[in-house]
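A.B. asks: Okay, handing you the structure first.
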Amino acid sequence: MKIIVGLGNPGAKYAGTRHNIGFSVIDELAEKYNISLGDKKHKAIFGKGVIEGEKTILAMPQTFMNLSGESVREIVDYYKCDPSDLIVIYDDIDLDVGKLRIREKGSAGGHNGMKNIIMHLGSQDFIRIRVGVGAKPKNMDLADYVLSRFGKEDLPFIRESCTKACDAVALIVSDGVAAAMNRYN
């Protein structure tokens, strides 16, 4: 079983913001693989389905970004999964809009949601897909930037990156993380 978690903040106020790109990818995966996201459990909105022949949980923690680990830990524990069966999708300001970076494990890289997940799991050994949202302008506060929406000029790149992230998830599930890293990094 794979657990695929997209990070973001709950509520309409945050929909479509840079910080919620993980939620956008989960929504697209749910649509592509006909997985209903109607369940609310483990401090998350989630659904069960199959991706590339593998039983899969799609989840969007509802704890707010900086407490994402609470939800992720509950899900991993409940389904008795190893952190290596976890894929976390989240925003990265160090990547250009639309770019992806896939890693098998690693540090939080300054991302508070990832810091919280690593703390709650006690492990950095899980797959992550970082989706580029572009660098913060020099005169803007980081929190204001990641909670801002994309400009019209960025939307085609964001749609494309969400689709590529979905394809990367499918490739990770079917052929492993190395194949996805070779294709998308």
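A.B. asks: Every residue in the range 1-49 that is among the aliphatic types (A, V, I, L, M), surrounded by fewer than 14 Cβ atoms within 10 Å (Cβ to Cβ) and more than 25 Å from residue 160 (Cβ to Cβ), please.
C.D. replies: Scanning the range 1-49 gives a single hit, 1.
A.B. asks: Check the range 57-67 and report whether any residue there is farther than 24 Å from residue 108 by Cα, modelled with pLDDT of 95 or more and outside any helix (DSSP H, G or I). Spell out the reasoning first.
C.D. replies: Of the range 57-67, the ones farther than 24 Å from residue 108 by Cα are none.
Within the range 57-67, not a single residue is farther than 24 Å from residue 108 by Cα, modelled with pLDDT of 95 or more and outside any helix (DSSP H, G or I).
A.B. asks: If you don't mind, another one. Considering only the range 33-48, state which residues are in contact with a strand residue (DSSP E or B) (Cβ under 7 Å, 6 or more places away or on another chain) and either under 15 Å from residue 74 (Cα atoms) or in a strand (DSSP E or B) (or both).
C.D. replies: Scanning the range 33-48 gives 39, 43, 44, 45, 46, 47, 48.
A.B. asks: Take residue 47 and decide whether it is touching a residue at least 24 places away in the same chain (Cβ under 8 Å), of a type outside the set (A, V, I, L, M, F, W, C), in contact with a Gly (Cβ under 9 Å, 6 or more places away or on another chain) and farther than 20 Å from residue 148 by Cα.
C.D. replies: Criteria not met by residue 47.
A.B. asks: Starting from residues that are over 17 Å from residue 118 (Cα atoms) and over 15 Å from the mean Cα position of the chain (by Cα), keep the ones in the range 53-77 and report whichever is surrounded by the fewest Cβ atoms within 10 Å (Cβ to Cβ).
C.D. replies: So, considering only residues that are over 17 Å from residue 118 (Cα atoms) and over 15 Å from the mean Cα position of the chain (by Cα), the one surrounded by the fewest Cβ atoms within 10 Å (Cβ to Cβ) is 53.
The values are calculated or read from the model by the stated rules, or taken from the named source; none is laboratory data. A quick note: this is a predicted structure, and the numbers were derived from the prediction, not measured. Every residue, glycine among them, receives a Cβ derived from its backbone with ideal geometry; neighbour counts consider all protein chains shown.
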